[in-house]
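To keep things clear, I will list the structure first and then write my remarks on it.
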Amino acid sequence: MMRRFRADLHLHTVLSPCADLAMSPDQLLATAKRKELDIIAITDHNSTLNCKVVREIAADFGIVVLNGCEVNSQEDVHALCLFEDDHTRDEFQKFIDSYLPQIPNKPDYYGYQPVVDRDNQIITEIPWYLGNGLPVSLEEIADFTHYLNGLFIPAHIDRPINSLFSQLGFLPKELKIDGMQLTRYADEKHIRKLYDIHSDISLIKASA
(Lines give C-alpha, C1' and ligand atoms only; values in the text may rest on other atoms or scores of the structure.)
Protein backbone atom coordinates (compact mmCIF):
# COMPACT_ATOMS: atom_id res chain seq x y z
CA MET A 1 0.00 0.00 0.00
CA MET A 2 1.30 3.44 -0.93
CA ARG A 3 2.07 5.58 2.10
CA ARG A 4 0.39 8.97 2.35
CA PHE A 5 2.18 12.05 3.64
CA ARG A 6 0.69 15.20 5.12
CA ALA A 7 2.46 18.34 3.95
CA ASP A 8 2.22 22.11 4.23
CA LEU A 9 4.40 23.83 1.64
CA HIS A 10 3.69 27.45 2.60
CA LEU A 11 4.87 28.34 6.09
CA HIS A 12 6.42 31.53 7.42
CA THR A 13 8.79 31.95 10.33
CA VAL A 14 9.41 34.98 12.49
CA LEU A 15 11.55 36.34 9.64
CA SER A 16 8.54 37.30 7.53
CA PRO A 17 7.25 40.79 8.39
CA CYS A 18 3.67 39.48 8.39
CA ALA A 19 4.53 36.76 10.92
CA ASP A 20 4.08 36.80 14.66
CA LEU A 21 7.21 36.98 16.81
CA ALA A 22 6.06 33.72 18.42
CA MET A 23 6.65 31.86 15.14
CA SER A 24 10.13 30.70 16.10
CA PRO A 25 11.61 27.61 14.41
CA ASP A 26 10.98 25.33 17.38
CA GLN A 27 7.39 26.52 17.87
CA LEU A 28 6.71 26.17 14.15
CA LEU A 29 7.95 22.58 14.21
CA ALA A 30 6.04 21.81 17.40
CA THR A 31 2.85 23.05 15.75
CA ALA A 32 3.59 21.01 12.63
CA LYS A 33 4.13 17.92 14.80
CA ARG A 34 0.86 18.54 16.62
CA LYS A 35 -0.93 18.76 13.28
CA GLU A 36 0.70 15.47 12.23
CA LEU A 37 2.55 16.96 9.28
CA ASP A 38 5.29 14.86 7.69
CA ILE A 39 6.71 17.50 5.34
CA ILE A 40 6.84 21.28 5.54
CA ALA A 41 8.42 24.01 3.43
CA ILE A 42 9.78 27.22 4.94
CA THR A 43 8.71 29.99 2.59
CA ASP A 44 9.41 33.37 4.16
CA HIS A 45 8.80 36.47 2.08
CA ASN A 46 11.72 37.18 -0.26
CA SER A 47 14.21 35.32 1.95
CA THR A 48 15.53 31.82 2.62
CA LEU A 49 17.63 32.79 5.63
CA ASN A 50 15.65 30.95 8.32
CA CYS A 51 15.44 27.71 6.33
CA LYS A 52 18.77 26.47 7.63
CA VAL A 53 17.94 26.63 11.33
CA VAL A 54 14.55 24.95 10.85
CA ARG A 55 16.19 22.12 8.92
CA GLU A 56 18.86 21.75 11.62
CA ILE A 57 16.35 21.05 14.38
CA ALA A 58 13.69 19.27 12.31
CA ALA A 59 15.15 15.81 12.97
CA ASP A 60 14.20 16.19 16.63
CA PHE A 61 10.57 16.40 15.50
CA GLY A 62 10.68 13.73 12.78
CA ILE A 63 9.66 16.22 10.09
CA VAL A 64 11.16 16.72 6.63
CA VAL A 65 11.82 20.39 5.88
CA LEU A 66 12.14 21.76 2.35
CA ASN A 67 14.06 24.94 1.57
CA GLY A 68 11.79 27.55 0.12
CA CYS A 69 10.82 31.15 -0.37
CA GLU A 70 7.67 33.12 -1.17
CA VAL A 71 8.81 35.53 -3.85
CA ASN A 72 6.99 38.69 -4.85
CA SER A 73 7.48 39.53 -8.54
CA GLN A 74 7.37 42.91 -10.24
CA GLU A 75 3.75 42.12 -11.15
CA ASP A 76 3.01 41.76 -7.40
CA VAL A 77 2.35 38.06 -7.83
CA HIS A 78 3.44 35.79 -4.97
CA ALA A 79 4.96 32.42 -5.84
CA LEU A 80 6.49 29.56 -3.87
CA CYS A 81 9.99 28.53 -4.93
CA LEU A 82 11.20 25.24 -3.41
CA PHE A 83 14.72 23.79 -3.53
CA GLU A 84 16.12 20.32 -3.00
CA ASP A 85 19.34 21.18 -1.19
CA ASP A 86 21.23 23.91 0.64
CA HIS A 87 23.42 24.82 -2.32
CA THR A 88 20.50 25.68 -4.60
CA ARG A 89 18.81 27.49 -1.71
CA ASP A 90 21.90 29.65 -1.24
CA GLU A 91 22.13 30.35 -4.97
CA PHE A 92 18.54 31.51 -4.94
CA GLN A 93 19.26 33.75 -1.96
CA LYS A 94 21.99 35.43 -4.01
CA PHE A 95 19.40 35.97 -6.74
CA ILE A 96 17.03 37.62 -4.26
CA ASP A 97 19.79 39.76 -2.76
CA SER A 98 20.68 41.10 -6.20
CA TYR A 99 17.12 42.35 -6.76
CA LEU A 100 15.56 43.17 -3.38
CA PRO A 101 14.87 46.93 -3.25
CA GLN A 102 16.84 48.61 -0.48
CA ILE A 103 13.83 50.21 1.14
CA PRO A 104 14.24 50.30 4.93
CA ASN A 105 11.84 48.18 6.94
CA LYS A 106 9.62 49.92 9.50
CA PRO A 107 9.26 47.32 12.28
CA ASP A 108 6.54 49.23 14.11
CA TYR A 109 4.47 49.30 10.93
CA TYR A 110 5.38 46.17 8.95
CA GLY A 111 6.82 43.91 11.65
CA TYR A 112 10.26 42.68 12.67
CA GLN A 113 12.44 40.56 10.35
CA PRO A 114 14.87 38.57 12.52
CA VAL A 115 17.13 35.72 11.47
CA VAL A 116 17.47 33.42 14.49
CA ASP A 117 19.54 30.47 15.70
CA ARG A 118 18.34 27.18 17.16
CA ASP A 119 18.09 28.79 20.61
CA ASN A 120 15.82 31.52 19.23
CA GLN A 121 18.52 34.11 19.66
CA ILE A 122 18.53 36.86 17.03
CA ILE A 123 21.57 36.62 14.74
CA THR A 124 20.66 39.63 12.67
CA GLU A 125 17.68 41.60 11.42
CA ILE A 126 17.10 42.18 7.72
CA PRO A 127 17.11 45.98 7.27
CA TRP A 128 15.27 46.04 3.94
CA TYR A 129 11.52 45.47 3.85
CA LEU A 130 10.94 41.90 2.64
CA GLY A 131 7.40 42.49 1.45
CA ASN A 132 8.43 44.52 -1.57
CA GLY A 133 8.11 43.22 -5.10
CA LEU A 134 11.37 42.39 -6.81
CA PRO A 135 12.02 44.31 -10.04
CA VAL A 136 12.08 41.06 -12.00
CA SER A 137 9.27 39.32 -13.87
CA LEU A 138 7.38 36.26 -12.75
CA GLU A 139 8.66 34.37 -15.78
CA GLU A 140 12.29 35.22 -14.97
CA ILE A 141 11.82 34.03 -11.39
CA ALA A 142 10.28 30.77 -12.65
CA ASP A 143 13.10 30.25 -15.13
CA PHE A 144 15.81 30.76 -12.53
CA THR A 145 14.02 28.48 -10.08
CA HIS A 146 13.92 25.73 -12.70
CA TYR A 147 17.55 26.38 -13.61
CA LEU A 148 18.30 25.42 -10.00
CA ASN A 149 16.10 22.29 -10.32
CA GLY A 150 13.53 23.88 -8.02
CA LEU A 151 9.75 23.85 -8.06
CA PHE A 152 7.77 26.96 -8.99
CA ILE A 153 4.21 27.21 -7.66
CA PRO A 154 2.07 30.37 -7.87
CA ALA A 155 0.78 31.01 -4.36
CA HIS A 156 -2.77 31.37 -2.98
CA ILE A 157 -4.31 31.76 -6.45
CA ASP A 158 -7.81 32.17 -4.98
CA ARG A 159 -6.93 35.37 -3.11
CA PRO A 160 -8.09 38.78 -4.38
CA ILE A 161 -4.60 40.29 -4.02
CA ASN A 162 -1.01 39.21 -4.81
CA SER A 163 -2.15 36.17 -6.77
CA LEU A 164 -1.64 35.09 -10.35
CA PHE A 165 -5.26 35.67 -11.30
CA SER A 166 -5.82 38.86 -9.29
CA GLN A 167 -2.79 40.51 -10.87
CA LEU A 168 -2.64 39.02 -14.36
CA GLY A 169 -6.11 37.53 -14.81
CA PHE A 170 -4.79 34.44 -16.59
CA LEU A 171 -1.99 31.87 -16.72
CA PRO A 172 0.54 32.99 -19.37
CA LYS A 173 1.38 30.20 -21.82
CA GLU A 174 5.10 30.89 -21.49
CA LEU A 175 5.06 30.60 -17.68
CA LYS A 176 6.29 27.16 -16.63
CA ILE A 177 4.72 26.07 -13.36
CA ASP A 178 4.84 22.90 -11.27
CA GLY A 179 1.40 23.35 -9.75
CA MET A 180 -0.67 26.04 -8.05
CA GLN A 181 -1.48 26.66 -4.41
CA LEU A 182 -4.91 27.26 -2.94
CA THR A 183 -5.67 28.58 0.53
CA ARG A 184 -6.87 25.99 2.99
CA TYR A 185 -10.63 26.61 2.66
CA ALA A 186 -10.80 27.05 -1.10
CA ASP A 187 -13.01 24.72 -3.12
CA GLU A 188 -10.83 23.07 -5.76
CA LYS A 189 -13.66 22.30 -8.20
CA HIS A 190 -14.93 25.87 -8.00
CA ILE A 191 -11.48 27.38 -8.55
CA ARG A 192 -10.72 25.08 -11.49
CA LYS A 193 -13.98 26.07 -13.15
CA LEU A 194 -13.67 29.77 -12.30
CA TYR A 195 -10.20 30.13 -13.83
CA ASP A 196 -10.41 27.31 -16.38
CA ILE A 197 -7.50 25.42 -14.82
CA HIS A 198 -6.69 22.25 -16.75
CA SER A 199 -6.91 18.95 -14.90
CA ASP A 200 -3.24 18.29 -15.71
CA ILE A 201 -2.23 21.14 -13.37
CA SER A 202 -1.77 19.97 -9.79
CA LEU A 203 -3.42 22.05 -7.07
CA ILE A 204 -2.21 21.94 -3.48
CA LYS A 205 -3.56 23.51 -0.32
CA ALA A 206 -1.44 25.23 2.31
CA SER A 207 -2.01 27.21 5.46
CA ALA A 208 -0.74 30.61 4.27
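Listed by first and then second residue, the pairs with beta-carbon distance under 6 Å, at least 6 apart or on different chains, first residue in region 166-189 and closer than 16 Å to ALA7 by Cα and at pLDDT 95 or above, second crowded, with 16+ Cβ neighbours inside 10 Å and among the charged types (D, E, K, R), are LEU182/ASP158; LEU182/LYS205; THR183/ASP158. Taken over region 23-65, the residue count meeting the criterion of being touching a residue at least 40 places away in the same chain (Cβ under 8 Å) and surrounded by fewer than 19 Cβ atoms within 10 Å (Cβ to Cβ) is 3.
Condition check: touching a Pro at 6+ places or on another chain (Cβ under 7 Å), of a type in the set (Asp, Glu) and either at pLDDT below 95 or under 24 Å from ASN67 (Cβ atoms) (or both). Does GLU125 satisfy that? Criteria met by GLU125.
Which ones in region 104-154 are in contact (Cβ under 8 Å) with a residue 24 or more places away in the chain, farther than 24 Å from ASP85 by Cβ and part of a strand (DSSP E or B)? If the condition is that a residue be in contact (Cβ under 8 Å) with a residue 24 or more places away in the chain, farther than 24 Å from ASP85 by Cβ and part of a strand (DSSP E or B), then PRO104, PRO114, TRP128 are the ones that fit. Just one of the listed residues (LEU203, LEU148, LEU171) is more than 18 Å from the chain's Cα centre (by Cα) and on the phi < 0 side of the Ramachandran plot, and it is LEU171.
Which members of region 155-167 meet the condition of being crowded, with 19+ Cβ neighbours inside 10 Å, in a loop (DSSP other than H, G, I, E, B), in contact with a helix residue (DSSP H, G or I) (Cβ under 6 Å, 6 or more places away or on another chain) and not aliphatic (A, V, I, L, M)?
ASP158
Residue-level check: of (1) part of a strand (DSSP E or B); (2) surrounded by fewer than 17 Cβ atoms within 10 Å (Cβ to Cβ); (3) not aromatic (Phe, Trp, Tyr), HIS87 misses just (1).
On the basis of being within 18 Å of HIS78 (Cβ to Cβ), free of Cβ contacts under 8 Å to residues at least 24 places away in the same chain and surrounded by 12 or more Cβ atoms within 10 Å (Cβ to Cβ), does SER207 make the cut?
no
The values are calculated or read from the model by the stated rules, or taken from the named source; none is laboratory data. A quick note: this is a predicted structure, and the numbers were derived from the prediction, not measured. Virtual Cβ from ideal backbone geometry, glycine too; neighbours counted across all protein chains shown.
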